[in-house]
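Structure, as structure tokens:
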Amino acid sequence: MAERCVWSGVSSLGSAGSCFRLYAAGAAAHRVYDRIVDRTERFYKIERMLRSQQVVSFATLLAQLEVSPATLKRDLEYMRSRLQAPIEFDRSAGGYRLATTAGSSERYELPGMWFSPAEIHALLTLQHLVVNLRTGSLIGPHLEAVTQRLRAALGSGADDADELGRRVRILGIATRDIRLEHFELVGSALLRRRRLHVAYFARGRGETSERDISPQRLVHYRDNWYLDAYCHVREDLRSFSLDAIASARMLDEHAIEIEDAALDARLGSGYGIFSGADVTWARLRFSPERARWVAAESWHPKQRSQVEPDGSYILELPYSDPRELIMDILRHGAEVEVLAPTAFRDEVRRTLGQMQSRYATGDRR
């Protein structure tokens, strides 16, 4: 009878003997891979120590790396001879340091950092974008070490990285602050597949409640972070705004797994951040003048559109909760009209009527 063999995500069908051979080959490959990874990690650790300290003694390197003297000597020699690392021994200081003279500070690259200058510029630009997003800046400190290595790899072009701060601007709007510890805890629970116990403030009701949730994925939407999760109190999928989490702690219980297709069907079918499996399609008509902007925009992955003979623009898109769609419609003022469905058109009319009555009394300064 065929047995299913699994190793490092690779599956095959075969006899028990072939399974054993596959396992043996896999184990050998793992040992080789582990040796390579361990040595690469040591290289990075040596470099970090030399960059953060003026001089590092041989004994300190041994204690931090937990290797034999012979292994450390081989690592240092390999970094100098094969990677052109400007490492030198300072007898007067009694330790190793990175040379700073022009003749010994040639560009060098550590294993795993094989990027062209153009690729490094692209990565630095991306890093700048992430750090300068108000919510993205939460992970900025963790990217600093990567940034320094990328800048070092650029060599003489490192000054270009400084230009990014002057040439690229990120402007956020309506961004809500979240606590760093909550962001990190949610990220850790996501990757470790653990449940969270949270105290959550529901703005719609103005109430705070406690619940256990199984985190599924983080969503960055309109300059704010949301957590798609299964709520064990409501026994349903919910989208939680990270800034509304008052407190959180990781639990020992494993998070339940929900397929991406089920998440998308429940949380991604409607319009915007509001969830719902039952959707209705809205039909909007934008004026010819406003169509020049809206026709270039994507409001929903499943939207349908067409340009009318008079230049007006018809947009059809699904929604499960009308609130966010109404807000986006109102920002276009009289340049857009809801054609269908009738209930949605009436809802927009009621909202406009309430707005009109609020401004009907004149100046209220």
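The values are calculated or read from the model by the stated rules, or taken from the named source; none is laboratory data. Everything numeric in this text was worked out from a predicted model, so none of it was measured. Cβ sites come from the backbone with ideal geometry, for glycine too, and all protein chains shown count toward neighbours. All accessible areas refer to the heavy atoms of the entire protein, side chains included, with ligands and DNA or RNA removed. Shrake-Rupley method; radii C 1.70, N 1.55, O 1.52, S 1.80 Å.
Under a crude label model (7 Å from the Cα following the beta-carbon direction), how far is residue 314 from residue 55 in nanometres?
If labels sit at residue 314 and residue 55, their model points lie 8.1 nm apart.
How much length is gained if the chain between residue 203 and residue 296 is pulled fully straight, taking 0.36 nm per residue apart and subtracting their Cα-Cα distance, in nm to one decimal?
Roughly 30.2 nm would be gained on extension.
Counting only protein heavy atoms and using a 1.4 Å probe, what share of the accessible area of the stretch 281-365 belongs to carbon plus sulfur, as a whole percent?
C and S fraction of accessible area: 51 percent.
Can you tell me the relative contact order of the stretch 50-100? Whole percent, Cα pairs under 8 Å, sequence separation 6 or more.
Taking the mean separation of contacting Cα pairs over the length of the stretch 50-100, I get 45 percent.
Which whole-number value in Å² is the accessible area per residue of the stretch 233-365, probe 1.4 Å?
Ligands and nucleic acids excluded, the figure is 62 Å² per residue.
What is the Cα coordinate range of the stretch 232-352 on the first, second and third principal axes, sorted by size from largest, in whole angstrom?
On the principal axes, the stretch 232-352 reaches 62, 29, 25 Å in Cα extent.
GluC sites (Glu not before Pro), restricted to the stretch 270-365: which are DSSP loop and have at most 13 other Cβ atoms within 10 Å?
Here the sparse-neighbourhood loop sites are 297.
At what distance in nm do the modelled label points of residue 210 and residue 40 sit from each other, each positioned 7 Å from its Cα along Cα→Cβ?
Spacing of the two 7 Å Cα→Cβ label points: 4.4 nm.
Whole number please: convex hull volume per residue of the Cα set in the stretch 266-324, in Å³?
74
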